[in-house]
1. Just a yes or no: is a residue in segment 4-19 more than 20 Å from HIS75 (Cα to Cα), among the aromatic types (Phe, Trp, Tyr) and part of a strand (DSSP E or B)?
2. I'm told ALA113 meets every condition in (1) within 30 Å of VAL219 (Cα to Cα); (2) small (Gly, Ala, Ser); (3) within 20 Å of the chain's Cα centre (by Cα) except one. Can you identify the failing condition by its number?
3. Here are some conditions: (1) away from the ligand (no atom under 16 Å from the Cβ); (2) on the phi < 0 side of the Ramachandran plot; (3) part of a strand (DSSP E or B). GLY50 meets all but one. Which one does it not meet?
4. Just one of the numbered conditions (1) under 21 Å from ALA11 (Cβ atoms); (2) modelled with pLDDT under 85; (3) in contact with a Gly (Cβ under 6 Å, 6 or more places away or on another chain) is not true of VAL226; which one?
5. Of all residues in segment 262-287, count the ones that are closer than 27 Å to ALA182 by Cα and either outside any helix (DSSP H, G or I) or not charged (D, E, K, R) (or both).
6. Go through segment 102-134 and give me each residue that's in contact (Cβ under 8 Å) with a residue 40 or more places away in the chain, within 14 Å of the ligand (Cβ to nearest atom) and buried (at least 24 other Cβ atoms within 10 Å of the Cβ).
7. Which condition breaks for LEU43 when tested against (1) at pLDDT 95 or above; (2) touching a Gly at 6+ places or on another chain (Cβ under 9 Å)?
8. What number goes with the only condition from (1) within 15 Å of the chain's Cα centre (by Cα); (2) within 16 Å of the ligand (Cβ to nearest atom); (3) surrounded by 15 or more Cβ atoms within 10 Å (Cβ to Cβ) that GLU152 does not pass?
Amino acid sequence: MNYVMRVRAFAKINLSLRVLGARADGYHDLRTIFQSIALHDTLTIRAARGPFRMTCDDPICPTDDTNLVWRAANHLWKAAGRRGILRDVSIDVKKRIPLQAGLGGGSSDAAAALRALGRLWRVDERRVRAAAGVVGADIPYFLEGGTVLGLERGDLLFPLIDPPKAWVVLVLPPFGVSTKEAFGWWDADTAAHRGGGADPRVRRGADTEVGPNGVYEFVNDLEAPVASRHAAITRAIAALRKAGAAHAAMSGSGSAVFGLFVRQSDASRAARALAGRTRTTTLVTRTLDRSRYQTLAAPEPIG
Ligand code: C5P
């Protein structure tokens, strides 16, 4: 009965994120382009008799039934037709993806747990996918990986052709942003602008807009509502552009900001230039295409 599996949970950035409007179910309709990056958490799943247990090396990460990993495991346990309460498995998370950063760490951990537990409990893929969609809007993407267009809540997925690989500089401000709160700010700002005419920043339509360099750039509609409450976001984007990023934006609902670079040396130089400014942390990673993702994100039995 003792069986151990290791599974990587990769982060994502949103190359583009258009918010199309609020839905009746409390969510928002989106059109977003997800992109996997190499930064990852690592989950160790142990099958051993006893109550379910979750541990994490980051003390600020909750390890109770509010964690998406716990909720995903519980949901799959029931979907697999297992009786009684979730048990006979423990999950340890080695956390490297910062929390409340818009990098999808919690959702990716949950998807990684579903991949591993689906294998352990022999649950068919269709049920694993269904469980992912119920537990969180971002989780289905992490069963796919690579470059994917997400519609509706971000969970109606269309894999895209891999764009050229890029080096990614992440700027991590010393504060987090709650996704729910960021969407609330979008609602408030959109309603405020409705009275006085359309907000030029919130334009429905293309995934790209003319950026400050005069060329078309991807947009994130959550960026203005979040950056207007957290000036550090605007400063980080400007600094990445100044350091030569081909594109710089906030990821998801923030607080992480990313810059894309063609060359690793330019990315490293930019990360060094930005490190140490106003208590932000920087790190350099790279984009992952779908086939690399699927190879690297597969659960590995280790004993
Ligand atoms: O699905 P998840 O629990 O990750 O979403 C967190 C919160 O973010 C939701 O409760 C909702 O308030 C907001 N959200 C949204 N529209 C989406 C995705 C998330 O309003 N498409």
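The values are calculated or read from the model by the stated rules, or taken from the named source; none is laboratory data. From a predicted model like this one, the values you see are computed outputs, not experimental measurements. Cβ atoms come from the backbone with ideal geometry, glycine included; neighbour counts cover every protein chain shown.
1. Within segment 4-19, one or more residues are more than 20 Å from HIS75 (Cα to Cα), among the aromatic types (Phe, Trp, Tyr) and part of a strand (DSSP E or B).
2. Here ALA113 meets the rest and fails (1).
3. Among (1) away from the ligand (no atom under 16 Å from the Cβ); (2) on the phi < 0 side of the Ramachandran plot; (3) part of a strand (DSSP E or B), GLY50 violates only (2).
4. (2)
5. Of segment 262-287, the ones closer than 27 Å to ALA182 by Cα are 271, 274-287.
Still in the running and either outside any helix (DSSP H, G or I) or not charged (D, E, K, R) (or both): 271, 274-276, 278, 280-287.
Matching residues across segment 262-287 total 13.
6. Of everything in segment 102-134, those that are in contact (Cβ under 8 Å) with a residue 40 or more places away in the chain, within 14 Å of the ligand (Cβ to nearest atom) and buried (at least 24 other Cβ atoms within 10 Å of the Cβ) turn out to be GLY102, LEU103, GLY104, GLY105, SER108, ASP109, ALA110, ALA111, ALA131, ALA132.
7. (2)
8. (1)
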